[in-house]
Structure formats: structure tokens, C-alpha cells
Amino acid sequence: MIIQDFKLGEMPVQLSESKQGVTSYEGYLGLLGNEVISRFNVILDYKNTTLYLKPNKL
């Protein structure tokens, strides 16, 4: 996975076939893994449905 100039390597993927609950929502794209979260400061702008990732010291 590459985010701009940051290569994160291989990451496991889990697919959901849920018929109910949060993972069944239309447009559900999955969860951010620890490999992404630990390397970036994450800002979620719910109002504008935007995700900001700022590289941290890791």
C-alpha cells in the first residue's frame, strides 16, 4: 500500500458478507489497520467526510 510517498508493505485484508450491523452498511470500506494508524496522526472530519493522515515520527 502506498500513501503519497509512504510505502506500507503488505497488509492483510478481511472481507465481510454481513447482512446486518456496521459491516453491512452500503459504502462500508473497512477499517484502518494498526500499520496505518501507528505511522500517521489521523484526523477524521465527519462533517466533510474527509480523512487526513499526517506522518508522525514512526
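Consider only pairs whose beta carbons are under 7 Å apart and that are at least six residues apart or on different chains; among these, list those whose first residue lies in region 25-37 and is within 23 Å of residue 56 (Cβ to Cβ) and whose second residue is surrounded by 12 or more Cβ atoms within 10 Å (Cβ to Cβ).
Here the result reads 35/8; 36/8, each pair linking region 25-37 to a residue that is surrounded by 12 or more Cβ atoms within 10 Å (Cβ to Cβ).
Of all residues in region 10-43, count the ones that are in a loop (DSSP other than H, G, I, E, B) and among the aliphatic types (A, V, I, L, M).
Residues in region 10-43 being in a loop (DSSP other than H, G, I, E, B) and among the aliphatic types (A, V, I, L, M): 6 in total.
Looking only at region 1-21, count every residue that is at pLDDT 80 or above and under 22 Å from residue 49 (Cα atoms) and tell me the total.
Counting residues in region 1-21 that are at pLDDT 80 or above and under 22 Å from residue 49 (Cα atoms) gives 1.
Which of the residues belonging to region 44-58 are closer than 20 Å to residue 7 by Cα, without any contact (Cβ under 8 Å) to a residue 40 or more places away in the chain and in a strand (DSSP E or B)?
Once the filter is applied, which keeps residues that are closer than 20 Å to residue 7 by Cα, without any contact (Cβ under 8 Å) to a residue 40 or more places away in the chain and in a strand (DSSP E or B), region 44-58 yields 51, 52, 54.
Just to be sure before I move on: is residue 52 in contact with an Asp or Glu (Cβ under 9 Å, 6 or more places away or on another chain) and modelled with pLDDT of 85 or more in the structure I sent?
Against the criterion (in contact with an Asp or Glu (Cβ under 9 Å, 6 or more places away or on another chain) and modelled with pLDDT of 85 or more), residue 52 qualifies.
The values are calculated or read from the model by the stated rules, or taken from the named source; none is laboratory data. What you see is a predicted model; the values in this text were computed from it and never measured. We place every Cβ from the backbone using ideal geometry, glycine too, and count neighbours over all the protein chains shown.
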